[in-house]
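Presented below is the structure to which this report refers.
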Amino acid sequence: SHNEKGQYWILKVKDGTTYRLGYNNDSEMVSSQTDYVWRWSVDVVTDTHNNSITYSYVENPYGGESSAVYLDKIEYNNDKKRVISFIRESGKLSRWSGYIEGTKLEERGRIKEIQVVTDNQLVRRYQN
């Protein structure tokens with residue numbers, strides 16, 4: 001299995017686009033309180049011409065976090081030569097905590113920078 005619980009979703013919409021959720025470990029979030037999946041994130045979108053957009057995530061990258069999931073990277077097309085990367089930082093101003101679906105959630109990260117890269121060349125950078 002590609003994830004902890006072996007469960008994932010595939011959604012095919014009317015125009016033929018396919019969305020896959022929770023297939024990889026980083027797109028499946030198991031509850032910190034009990035033993036069930038409480039959130040599946042999109043990990044790949046494929047159109048009718050077999051072009052794909054791949055999403056990857058990081059879970060709990062900062063100390064003291066619980067059930068935190070951050071979008072890390074979006075890669076376009078099957079060659080994955082077009083990439084958007086999200087660079088995060090931890091800080092006092094970015095703390096959030098609460099309960100969602102019975103799962104304790106604590107987040108401490110925020111986006112510091114977004115990088116757009118094509119063929120390993122930086123095209124654009126957005127900074128906070």
Confirm whether residue 14 is modelled with pLDDT of 95 or more and either surrounded by fewer than 16 Cβ atoms within 10 Å (Cβ to Cβ) or of a type in the set (S, T, N, Q) (or both). yes
I'd like to know if segment 7-26 contains one or more residues that are without any contact (Cβ under 8 Å) to a residue 12 or more places away in the chain, assigned to a strand (DSSP E or B) and touching a Lys or Arg at 6+ places or on another chain (Cβ under 6 Å). yes
How about segment 22-41: which of its residues are open to solvent by less than 40 Å² (accessible area, probe 1.4 Å) and touching a helix residue (DSSP H, G or I) at 6+ places or on another chain (Cβ under 7 Å)? 41
Among the residues of segment 3-11, is any at pLDDT 85 or above and basic (Lys, Arg)? no
Matching option when the condition is of a type outside the set (A, V, I, L, M), within 18 Å of the chain's Cα centre (by Cα) and at pLDDT below 80, among 39, 95, 88, 82: 39
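The values are calculated or read from the model by the stated rules, or taken from the named source; none is laboratory data. Model, not experiment: these values are computed from the prediction. Cβ sites come from the backbone with ideal geometry, for glycine too, and all protein chains shown count toward neighbours. For the accessible areas, the whole protein counts, side chains as well, though only heavy atoms, and no ligand, DNA or RNA atoms are used. Shrake-Rupley method; radii C 1.70, N 1.55, O 1.52, S 1.80 Å.
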